[in-house]
Amino acid sequence: MDLKRIVKKADSKVLQYLYPLRCPACDRIVKPYGENICPECLGKFKLIAMPRCTVCGKKLWEEKDVCDDCAVRERKFEKGISLYEYDSVADAIYRFKYEGRAEYGEYFGKELARLCGPFIKSLKPDMLIPVPLSREKLGKRGYNQAALLAEECGKKLGIPCEENMVIRENSTAPLKKLGFAGRQINLKNAFIMAQNGVKSKRVVVIDDIFTTGSTIEAMASVLYEAGAEAVYFVTLASGK
């Protein structure tokens, strides 16, 4: 091990001693130091099992190819998957987004890479693009949880993460209480390209939650208008 790596490892241990990481499952300080999750909490987040929708990746409750949503409308994205069933990870996502638990991003990003990596690599993507936050929300939160996921996942898979390719032009209302039509109206003109560079590129959009798909579709529309060849997505969790 070279000197740089020794120093980096030592600095990491010092930082974890001064600012101990909290477990994304139980939110207690992780022991032993150096881990991202308590050993006894492994397996608490429920993976989405088969059968899944072949378009949006949602869990299906009967043997069929696509979910009811994807059966009745044409999606703007090509296809995508999510890692966890939302109910099993909802509390962790809430703390991750609203209670300053930015450290969860490392664990969840690694898990996206480990468990969704084969799917992502099969797409042969040129870049990962996280769903951006508005300037106002980013200022309040201090970080973009989707960007933390994308950065860690991209680092593990060797795929560039382009955090500043798309920006959120305005602050939208919370989507969780809106139906599909309300989400579409809320997200209309929400995203714009901040940089060129997606022409003829294959893009994977990264976000924390997939519910109706409105956010991913709004992102896909902007990316296709900018010349993207294909837009896919991967999210941490999928809601009903």
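The values are calculated or read from the model by the stated rules, or taken from the named source; none is laboratory data. A quick note: this is a predicted structure, and the numbers were derived from the prediction, not measured. As a convention, Cβ positions derive from the backbone with ideal geometry for all residues, glycine included, and neighbour counts pool all protein chains shown. Just so you know, the surface numbers come from the protein's heavy atoms only, side chains and all, with ligands and any DNA or RNA stripped out. Shrake-Rupley method; radii C 1.70, N 1.55, O 1.52, S 1.80 Å.
General remarks:
- Near R202, once Lys and Arg are set to +1 and Asp and Glu to -1 for all other residues with Cβ below 10 Å from its Cβ, the sum equals -1.
- Cβ-derived FRET efficiency at R0 35 Å, K31 paired with R141, nearest 0.05: 0.80
- Loop-resident trypsin sites (Lys or Arg not before Pro) (DSSP state other than H, G, I, E or B) in segment 12-121 with no more than 13 further Cβ atoms inside 10 Å of their Cβ: R28, K64, R73.
- Cross-link reach is defined here as a Cα-Cα straight distance under 15 Å, omitting same-chain residues fewer than 8 places apart; for K155 the aspartates and glutamates meeting it are E106, E111, D126, E163.
- Accessible-area value, E78, 1.4 Å probe, nucleic acids and ligands omitted, Å²: 90
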